[in-house]
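Heads up: the structure comes next, in structure tokens.
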Amino acid sequence: SSFLPAGRLWEDLASREGGCLGPGLRIQGSGPTLDMPVPSSFNDVGQDRQLRSFVGWVWYEREVTLPQRWTQDLGTRVVLRIGSAHYYAIVWVNGVHVVEHEGGHLPFEADISKLVQSGPLSSCRITIAINNTLTPHTLPPGTILHRTDTSKYPKGYFVQNTNFDFFNYAGLHRPVLLYTTPTTYIDDITVTTSVDQGTGLVDYQIFAQGSEHFQLEVRLLDQEGKVVAQGTGCRGQLQVPNAHLWWPYLMHEHPAYLYSLEVRLTTQTAAGPVSDFYALPVGIRTVKVTERQFLINGKPFYFHGVNKHEDADIRGRGFDWALLVKDFNLLRWLGANAFRTSHYPYAEEVLQLCDRYGIVVIDESPGVGIGQEESRVWAGRWDGEREREKWLSRVLPGLTSLCLLPSVDRTLIAHTKALDPSRPVTFVTNSNYEADLGAPYVDVICVNSYYSWYHDYGHLEVIPLQLATQFENWYRTYQKPIIQSEYGAGAIPGFHQDPPVMFSEEYQKALLQQYHMVLDEKRKNYVVGELVWNFADFMTDQAPQRVMGNKKGIFTRQRQPKAAAFLLRERYWKLANDTQRPPAARGSQCLESELPLTKRW
Ligand code: GCB
């Protein structure tokens with residue numbers, strides 16, 4: 001697609017109505033443009049410093065020819081789907097405004113049937129204007145600082161300020177798709193599962209659009225393709241005797257068992273019956289939290305995993321299948337059974353792979369870096385129930401086990417639970433256990449700490465005392481299970497120093513080892529997980545304390561292991577061995593590359 005940065009700010013949003021684009025106007029030819037791959041962030045694709053740090057409106061445009069069936073069969077519904085556009089997007093088709101969307105991490109779509117079916121033309125020009133400016137009203141928030149001292153800065157100079165530790169990559173980060181359905185179609189499917197004495201219970205609810213007159217047939221197929229239960233109508237319960245449960249990776253001989261829920265909607269039309277069909281992978285599992293434990297299918301689950309980012313060379317935050325599959329192979333190699341989608345919702349393909357690989361997810365909202373000023377803004381906006389709904393639709397996660405909110409607002413947490421009672425709720429804190437306003441209302445407490453990194457530099461020996469105190473204080477106050485949701489140290493790959501000093505691979509390893517001693521003690525009791533910060537090195541804004549980004553990855557940004565990765569690999573496989581797998585299942589689902597480790601058992 002073509003791309004034209006137009007250096008205007010979010011604050012100029014009002015002027016977008018000023019006829020920037022009419023049916024006849026094309027981006028192509030209206031000024032210099034760049035070829036821009038989709039999906040990708042635009043920042044690192046060019047050789048241009050200004051493009052890398054660009055703040056304001058950019059324009060994407062692409063013209064496609066649609067199949068005649070799409071444009072001439074009025075029983076076909078044509079949909080434009082945008083996987084994500086960071087941060088604010090306005091979309092036109094053939095110069096006609098079709099949709100606007102705020103928020104850089106969730107998909108949105110527009111029914112464009114009428115536009116593409118109105119004339120003899122089968123071409124479709126898609127134009128998307130995107131603004132990446134962050135303000136106190138966005139999620140995540142940011143501020144624009146205008147530098148007015150003309151002895152230091154040119155006229156009109158401004159910078160984007162943020163309160164989070166990752167680069168504000170922007171552009172069309174996920175695929176842009178055109179697809180069709182019949183005019184009466186399956187719009188949404190909600191599934192919740194439970195287990196009653198070995199019988200899996202799958203409750204479904206199907207939302208259809210387009211007409212009131214349709215039939216719905218539902219079938220549940222096992223992995224061999226055998227139909228194990230069926231039903232009809234918009235809602236119901238399927239019963240699966242002797243169900244194969246969905247177990248996390250390394251917790252069962254056959255982890256991540258998925259059934260397929262097939263939904264067929266049929267409508268009668270003048271031309272005969274027409275159907276829409278959707279197949280949804282479904283795992284049957286239960287999740288429960290007690291005072292000391294996180295239970296999956298009634299068994300204690302210990303999170304041993306990582307925090308991630310959607311981040312890589314060149315493509316920035318852009319979706320890439322090869323990268324994604326590499327990351328999942330690294331997670332398996334590491335023996336990780338969980339990760340947190342720090343600091344925003346990830347692409348739905350990521351969640352689908354988690355379901356398939358048996359990875360438990362803490363799915364995070366984009367509410368990171370909310371300081372006092374932004375809290376006031378949001379508090380103001382939460383007043384009406386409609387505003388609250390709007391907020392929730394932007395922070396609620398997708399499929400998986402834990403959902404994470406940015407807020408310390410009691411009613412917000414209660415409301416989230418009411419919308420989805422099947423998932424525990426948490427938020428990640430590094431605040432003081434006494435001052436924390438949210439901990440009384442969440443199911444699991446997630447605590448970050450950076451002992452011997454952001455203070456007591458180099459003094460690894462203080463970690464055991466400080467970490468034990470941290471856990472004891474939180475548990476004594478709230479009696480809830482605790483996850484060490486972040487800990488870590490920066491290591492520049494290839495920097496070696498022994499005895500260890502900060503930024504060497506040895507220091508990163510030694511710091512993790514100090515944490516592990518305490519975790520091993522406390523996991524006997526109420527600590528239910530540890531997630532290292534971070535899976536891989538990632539890009540941040542430039543600052544003297546960042547060395548071409550944050551170097552706390554146990555893998556480099558190119559996904560090569562540092563020394564700490566080997567340490568964690570030993571630990572995670574041992575943890576799986578110690579705490580989760582029934583003895584008979586040991587080693588049975590290992591990949592070939594994992595065999596040397598399993599032999600040692
Ligand atoms: C944190 C943040 C994370 C940072 C990390 C660090 O607490 O949640 O975004 O990157 O610390 O390395 O400072």
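The values are calculated or read from the model by the stated rules, or taken from the named source; none is laboratory data. Every value quoted in this text rests on a predicted model; they were computed, and no experiment measured them. A quick note on method: Cβ atoms are made from the backbone with ideal geometry, for glycine too, and the neighbour counts reach across all protein chains shown. Please note that ligands, DNA and RNA were not included when accessible areas were found on the heavy atoms of the full protein model with its side chains. Shrake-Rupley method; radii C 1.70, N 1.55, O 1.52, S 1.80 Å.
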- With the full set of protein chains in place, find how many percent of the accessible area of the range 118-214 is carbon and sulfur; take the probe as 1.4 Å. 49
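Could you work out Rg/(2.2 N^0.38 Å) for the range 314-365, with Rg from alpha carbons only? Please report the intermediate quantities before stating the final value.
Values: Rg = 10.8 Å, N = 52, 2.2 N^0.38 = 9.9 Å.
Taking N as the residue count of the range 314-365, the ratio is 1.09.
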- State the extension gain, in nm to one decimal, for the chain segment bounded by Asn430 and Arg147, taking 0.36 nm per residue of separation less the distance between their alpha-carbons. 98.7 nm
- With every protein chain left in place, what is the accessible area per residue of the range 447-508 in square angstrom, probe 1.4 Å? 43
- Message: Under 8 Å for C-alpha pairs, at least 6 residues apart: give me the relative contact order for the range 207-249, rounded to a whole percent.
- Response: 28
- Please compute the Cα-Cα pair-distance distribution of the range 263-375 with 10 Å bins starting at 0, giving whole percents from short to long. 11, 31, 27, 19, 9, 3, 0
- Task: Compute the FRET efficiency between Gln466 and Thr286 as 1/(1 + (r/R0)^6), taking r as their Cβ-Cβ distance and R0 = 22 Å, and round to the nearest 0.05.
- Result: 0.05
- Relative contact order of the range 111-248 (C-alpha contacts under 8 Å, at least 6 apart) in percent is 14
- Range of Cα positions in the range 467-538 per principal axis (Å), largest first: 42, 26, 17
- Take the Cα gyration tensor of the range 179-252, multiply each eigenvalue by 5, square-root it, and list the three semi-axes largest first, rounded to whole angstrom. 28, 14, 12
- Note on the structure: Simple spin-label estimate for Glu349/Ala414, 7 Å along Cα→Cβ, in nm, reads 4.2
- Zone of Ser194 (label point 7 Å along Cα→Cβ, backbone N under 19 Å): which residues in the range 286-315? 286-290, 295-299
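Using a Förster distance of 56 Å, how high is the FRET efficiency between Val96 and Asp313, based on the Cβ-Cβ distance and rounded to 0.05?
It comes out at approximately 0.90.
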- Gln209 paired with Glu109, simple spin-label distance in nm, labels 7 Å along Cα-to-beta-carbon: 0.8
- When the accessible area of the range 499-570 is computed with all protein chains present and a 1.4 Å probe, what percentage of it is carbon and sulfur? 55
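If you take every residue apart from Tyr157 with its C-beta less than 13 Å away from the C-beta of Tyr157, what net charge results, scoring Lys and Arg +1 and Asp and Glu -1? Numbers along the way, then the final one.
Values: positive: Arg147, Lys152, Lys155; negative: Asp149.
Value of the local net charge: +2.
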- Rel. contact order, % - alpha carbon contacts under 8 angstrom, at least six apart, the range 98-179: 19
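For Tyr278 and Lys226, what does the FRET efficiency come to when R0 = 22 Å and r is the distance between their Cβ atoms, rounded to the nearest 0.05?
Efficiency for this residue pair is about 0.65.
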- Message: Compute the orientation-averaged projected area for the range 426-480 from the convex hull of its Cα atoms and round it to one decimal in nm².
- Response: 3.7
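Note the full-extension length gain between Leu177 and Thr65 as 0.36 nm times their separation in residues minus their Cα-Cα distance, in nm to one decimal.
Between Leu177 and Thr65, full extension yields 39.0 nm more.
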- Ratio of Rg to Rh over the range 140-289 (Cα coordinates, Kirkwood Rh, two decimals): 1.24
